[in-house]
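Novice: The structure is given below, and queries will be raised subsequently.
The values are calculated or read from the model by the stated rules, or taken from the named source; none is laboratory data. Owing to the predicted nature of the structure, the values given are computational and were not obtained by experimental measurement. Neighbour counts are summed over all protein chains in view; Cβ atoms, including those assigned to glycine, are modelled from backbone coordinates with ideal geometry. The protein model used for the area step is the full one, side chains on, heavy atoms only, and it has no ligands, DNA or RNA in it. Shrake-Rupley method; radii C 1.70, N 1.55, O 1.52, S 1.80 Å.
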Amino acid sequence: MPPTVSVVIPTYHRSDLIERAIHSVLDQTFDDLECIVVDDCSPDETAEIARSIDDERLAVLDHKENRGASAARNTGIEAATGEYIAFLDDDDEWLPEKLEKQLALLESSDDSVGLVYCWMDYRDAAANLVTEYRPTYSGDIFLDVLDKQRIGNSSTLVAPAKVVENVGGF
């Protein structure tokens with residue numbers, strides 16, 4: 001049976017960060033998921049580190065040449081089997097209840113809801129808070145987000161797979 005959520009992590013040259021990102025997915029309170037890491041032809045040990053994590057929910061895919069983060073996300077989307085797709089950048093990490101809370105909101109919403117997003121904090125290497133990002137948009141926000149990245153980066157998003165397929169990926 002397919003998982004409820006497919007989490008796509010594009011990565012490139014992040015051997016120092018990829019393990020943290022993956023564990024923040026695998027340690028979610030909602031665990032009916034698959035985690036798809038797409039290594040975009042890293043010149044370091046990123047893929048090997050990802051593959052060293054022993055969890056049946058984890059798959060690591062490889063690009064034979066560097067194609068960029070959007071192409072890596074699209075490769076992950078193509079491999080995804082979940083009803084919902086979530087994205088995590090390789091230098092980000094999630095709080096443990098992120099998916100649980102966002103899925104509860106998606107599943108209690110009607111079919112017109114195309115995605116949910118959440119707040120995020122930017123922190124420096126020492127984990128000091130740099131910026132709090134608390135987006136306040138809700139409802140039909142399409143026109144509000146055309147000119148800027150007003151809902152944060154892709155690490156905050158969860159969307160039904162059919163919506164991601166409908167828009168054609170990244």
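Novice: Pop out the ³J(HN,Hα) list for the stretch 153-169 in order, Karplus 6.51 cos²θ - 1.76 cosθ + 1.60 with θ = phi - 60°, rounded to Hz; leave Gly and Pro as x.
Specialist: 8, 5, 5, 9, 8, 9, 9, x, 4, 5, 5, 4, 5, 4, 7, x, x
Novice: For the stretch 40-88, with equal point scatterers placed on the C-alpha atoms only and solvent neglected, what are the log10 I(q)/I(0) values from the Debye formula at q = 0.13, 0.20, 0.29 1/Å, to two decimals?
Specialist: Results for the stretch 40-88 at q = 0.13, 0.20, 0.29 Å⁻¹ read -0.33, -0.79, -1.27.
Novice: For CYS118, CYS35, write out the residues from largest to smallest accessible area, computed with a 1.4 angstrom probe and no ligands counted.
Specialist: Result of the area sort, largest leading: CYS118, CYS35.
Novice: Next question, about the same structure. Report the Cα-based extents of the stretch 24-68 along its three principal axes, largest first, to the nearest Å.
Specialist: For the stretch 24-68, the Cα spread along each principal axis is 34, 19, 15 Å.
Novice: Something else: For the stretch 27-116, with only Lys/Arg (+1) and Asp/Glu (-1) charged at the beta-carbon, what is the dipole magnitude about the Cα centre, in debye rounded to 20?
Specialist: With only Lys, Arg, Asp and Glu charged at Cβ, the dipole is about 320 debye.
Novice: Here is a follow-up. Averaged across orientations, what area in nm² does the convex hull of the alpha carbons in the stretch 1-128 project? Working shown, then result.
Specialist: Working: hull surface 33.5 nm².
The directionally averaged projection comes out at 8.4 nm².
Novice: So what are the ³J(HN,Hα) numbers for the stretch 57-68, from phi and the Karplus equation (6.51, -1.76, 1.60; θ = phi - 60°), rounded to whole Hz, Gly and Pro as x?
Specialist: 7, 9, 10, 10, 10, 10, 8, 7, 9, 5, 10, x
Novice: Sorted from largest down, what three extents in whole angstroms do the Cα atoms of the stretch 71-119 have along their principal axes?
Specialist: Answer, in whole Å and largest first: 31, 24, 15 Å.
Novice: Please name which of GLN28, PRO96, ALA79 has its Cα lying farthest along the dipole of the stretch 1-117 towards the positive end, using unit charges on Cβ (Lys, Arg +1; Asp, Glu -1) and the Cα centre as origin.
Specialist: Toward the positive end, the furthest listed residue is ALA79.
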